[in-house]
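Right, one structure below, let's go through it.
The values are calculated or read from the model by the stated rules, or taken from the named source; none is laboratory data. Here the structure is a predicted model, which means the values were calculated and not measured. Here the Cβ is made from the backbone with ideal geometry for all residues, glycine too, and neighbour counts use every protein chain on show.
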Amino acid sequence: MKKLDLKFNARAIHAGSRPCPVTGAHIGPIYRTSTFVMDNVEQAIRISQGEEEGYSYGRFGNPTETELEEKMAALENGERALATASGMAAITTTLMTFLKNGDHLIAGDIIYGCTYGLIRDVLTKFGIEVTFVDTSDLKNIEKAVQPNTKVIYLETPCNPVLKLADIQGAAQIAHNSGASLIVDSTFATPYLQNPLDLGADLVVHSATKYLGGHGDIVGGIIVGSKETIAGIRDPHLQFFGGIISPGDAFLIIRGLKTLGIRMKSHCENAQKVAEFLEAHPMVEKVYYPGLPSHPQHELARRQMRGFGGMMSFDVRGGFAGGKTVMNNVRMISLATSLGCIDSLIQHSPSMSHFTMSKEEREKVSIMEGQVRLSVGIEEAENTITDLENALAEVKKVVG
Ligand code: LCS
């Protein structure tokens, strides 16, 4: 018999998913329950001591959550996954598992605003030392390593300016110094890159974005080895309590089944939109890894299987120019978040990166008028026409 070597879409559809064992329903049910009934006290004891596999209480696990976790582990080539209430729950639970008072953390200086705020304001409150560095250059990471460095944390591509980090190189630095590498791969999704294959110890995602894909849930995912995930789940996630609801897990499972075809469309459309913007006289700079002008285009080609659906751009006239674009699009929605089937546009300084000061933002090229665009799966010509009309208004305002 030939080996059935499941490709990406086949894994996204089949991994972890099976018919209901009781009714045979093709699509497994949403196990909307808070607790699980035991046969007897002996069984409760066996489950609590890990002698028998089974569910006991909603905060400790649920079969719908398990289906999502098995699917994500298969897509990220990890042994195990853990689903959480949000991307931030995935990040906080992971960092609080790995770090303690007196440890040192190296973090990317351009990361999602709330992750930046968590690290700058909350982790330091617990006595964790932090160094923010530009992780697009491995030398900066290497220079920041200290004897007590326990974690290197980065996003690639990063939110909002799409800088990349060399995952393989960063993993090497981490492992040479006894630290762990945690990669937030939200912008890439497992369709475009698998950080674990490149040496990362853990990959985290905001499932709110491409994984769910339809803008109707908030969720997060952590993927890694069996042992590492077990240590995050028990006791950290159990105690912190940031678990996913079964209903949201179900919608992410459904979203994942079309992740491959959605990402293909996001990538094709974004490439066309980025090329349009780069050629437009009212646009000063486009940040998109699929453009040859992107300083890490070659790394993107090597490390990713496509360039994704996210980009940022600076418009002529600074804040006045950027604001005019965002206030004048008609099909595209002015909303934070990303990775939806529909295109979303946002003002990064006041939306995704409001936690950073103006000085902190400008140091890392998040300019006051900067526009971030999450290109949806609408036909690219519609997205381009919407932007073209909005950019025509910029000319009237800034000349
Ligand atoms: N990681 C990245 C790269 C993100 O972009 C976000 C959210 C998170 C983690 C946190 O995930 P959440 O808890 O929201 O599921 N990014 C957002 C953004 O750019 N605008 O709104 C949320």
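What to note about this one:
- Residue within region 177-192 that is more than 29 Å from E368 (Cα to Cα), outside any loop (DSSP other than H, G, I, E, B) and within 13 Å of the ligand (Cβ to nearest atom) present: yes
- Residues satisfying the stated conditions in region 345-364, i.e. touching a residue at least 60 places away in the same chain (Cβ under 8 Å) and closer than 25 Å to A207 by Cβ: S348, S352, H353, F354, T355, M356
- Hits in region 73-98 - residues which are within 16 Å of A230 (Cα to Cα), of a type outside the set (K, R) and more than 16 Å from the ligand (Cβ to nearest atom): A73, G78, E79, T97, F98
- Selected residue (criterion: nearest to the ligand (Cβ to nearest atom)) from residues of region 149-176 that are under 23 Å from L373 (Cβ atoms) and in a strand (DSSP E or B): E155
- Positions within region 101-133 being more than 16 Å from the ligand (Cβ to nearest atom), buried (at least 16 other Cβ atoms within 10 Å of the Cβ) and in a loop (DSSP other than H, G, I, E, B), in sequence order: D103, I128
- Boolean, F250 is assigned by TED's automatic domain parsing to the domain that holds G369, of a type in the set (F, W, Y) and surrounded by fewer than 24 Cβ atoms within 10 Å (Cβ to Cβ): no
- Hits in region 162-174 - residues which are touching a residue at least 40 places away in the same chain (Cβ under 8 Å) and crowded, with 24+ Cβ neighbours inside 10 Å: L162, K163, L164, A165, I167
- Residue within region 323-335 that is within 20 Å of G87 (Cβ to Cβ), within 16 Å of the ligand (Cβ to nearest atom), surrounded by fewer than 24 Cβ atoms within 10 Å (Cβ to Cβ) and touching a residue at least 60 places away in the same chain (Cβ under 8 Å) present: no
- Enumerated helices (runs of 4 or more DSSP H) restricted to region 26-98, each holding at least 2 residues that are at pLDDT 95 or above and under 16 Å from the mean Cα position of the chain (by Cα): 63-75, 87-98
- S177 satisfies every condition listed in (1) in contact with a strand residue (DSSP E or B) (Cβ under 7 Å, 6 or more places away or on another chain); (2) surrounded by 23 or more Cβ atoms within 10 Å (Cβ to Cβ) except (2).
- Being out of contact with any Cys (no Cβ under 6 Å at 6 or more places or on another chain) and at positive phi holds for only one residue in G241, G219, and it is G241.
- Candidates G399, G369, filtered to the one that is farther than 18 Å from Y287 by Cα, at pLDDT below 95 and among the small types (G, A, S): G399
- Residue, surrounded by the most Cβ atoms within 10 Å (Cβ to Cβ), within region 3-17, restricted to residues that are modelled with pLDDT of 95 or more and in a loop (DSSP other than H, G, I, E, B): G16
- Residue under evaluation S343, criteria (1) more than 16 Å from the ligand (Cβ to nearest atom); (2) in contact with a helix residue (DSSP H, G or I) (Cβ under 6 Å, 6 or more places away or on another chain), criterion not met: (1)
- Residue match in region 194-205 (condition: closer than 20 Å to S352 by Cβ, in the same structural domain as I106 (by TED's automatic domain parsing) and either within 16 Å of the ligand (Cβ to nearest atom) or not polar (S, T, N, Q) (or both)): yes
- In region 211-269, the residues that are of a type in the set (G, A, S), under 24 Å from P29 (Cβ atoms) and assigned to a helix (DSSP H, G or I): G247, A249, G255
- Selection status of K396, over 17 Å from L162 (Cα atoms), under 26 Å from the mean Cα position of the chain (by Cα), of a type in the set (K, R) and surrounded by fewer than 20 Cβ atoms within 10 Å (Cβ to Cβ): no
- Among the residues of region 154-179, the ones that are among the hydroxyl-bearing types (S, T, Y) and closer than 25 Å to Y210 by Cβ come to 1 in all.
- Only one of the numbered conditions (1) surrounded by fewer than 22 Cβ atoms within 10 Å (Cβ to Cβ); (2) under 17 Å from the mean Cα position of the chain (by Cα) is not met by E155, and that is (1).
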